Amino acid sequence: MGTEHFSHKELACPCCDVMGMDEEFLQILEAVRKEYGKPMILNSAYRCSAHNAAIKAKSSSSHCLGLAVDIACEGSRQRCELIRHLLKHVTRIGIGDGFLHADNDLGNKSPNVIWTYY
């Protein structure tokens, strides 16, 4: 099951279709989407440990806990607008080439940080 703006397919693990997203984080994602007022394309949401290993992501990935998403993002204006909305709701943001990572995973991770993947 998905949410008002995000389908099960977008949120579930692409290899096994398991929906492991944290319910509270899904509510936050919906709040960001409603405030943003435009579609948000998710490149990655929940990942099972097998899929996470297959894509060579860190074993400590917040995606495996259902506490993170990667949002497609084109250009500096869209990036700025999305970050403005995300900062109201998430404590950790990563900036990559063509995407923003957003998470609220505070188990062993620093809150209130923004980093780049460059």
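The values are calculated or read from the model by the stated rules, or taken from the named source; none is laboratory data. Just so it is clear, the model here is predicted, and its values are computed rather than measured. As a convention, Cβ positions derive from the backbone with ideal geometry for all residues, glycine included, and neighbour counts pool all protein chains shown.
Restricting to region 82-118, count the residues that are part of a loop (DSSP other than H, G, I, E, B) and aliphatic (A, V, I, L, M).
Of all residues in region 82-118, those part of a loop (DSSP other than H, G, I, E, B) come to 87-91, 97-98, 104-112, 117-118.
The next check asks that each one be aliphatic (A, V, I, L, M); those that pass are 87, 90, 106.
Selection size over region 82-118: 3.
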Review point. Applying the selection to region 16-47, what residues are touching a Pro at 6+ places or on another chain (Cβ under 9 Å) and either free of Cβ contacts under 8 Å to residues at least 24 places away in the same chain or in a strand (DSSP E or B) (or both)?
Key: Ser44
Review point. For region 57-72, does any single residue satisfy the condition of being more than 10 Å from the chain's Cα centre (by Cα), surrounded by fewer than 16 Cβ atoms within 10 Å (Cβ to Cβ), aliphatic (A, V, I, L, M) and over 16 Å from Asn43 (Cα atoms)?
Key: no
Practice item. Return the pairs, sorted by first residue and then second, in which the second residue is among the basic types (Lys, Arg) and not in a strand (DSSP E or B), the first residue lies in region 59-87 and is farther than 27 Å from Cys48 by Cα, the beta carbons are less than 9 Å apart, and the residues are 6+ apart or on different chains. Key: Gln78/Lys38; Glu81/Lys38; His85/Arg33
Revision key, fill the gap. When Gly75 is run through (1) within 13 Å of the chain's Cα centre (by Cα); (2) on the phi > 0 side of the Ramachandran plot, the failure sits at (1)
Check your understanding: Of the numbered conditions (1) touching a strand residue (DSSP E or B) at 6+ places or on another chain (Cβ under 7 Å); (2) surrounded by 16 or more Cβ atoms within 10 Å (Cβ to Cβ), Lys109 satisfies every one except a single condition; which is it?
Key -> (2)
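Could you check region 48-64 and list, in sequence order, the residues that are part of a loop (DSSP other than H, G, I, E, B), of a type in the set (S, T, N, Q) and modelled with pLDDT of 95 or more? Write out each step before concluding.
Of all residues in region 48-64, those part of a loop (DSSP other than H, G, I, E, B) come to 48, 55-61.
Right, trim to of a type in the set (S, T, N, Q) and you get 59-61.
Selection gives Ser61 alone.
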Review point. Restricting region 3-15 to residues that are closer than 23 Å to Leu87 by Cα and not in a helix (DSSP H, G or I), which is nearest to the chain's Cα centre (by Cα)?
Key: Phe6
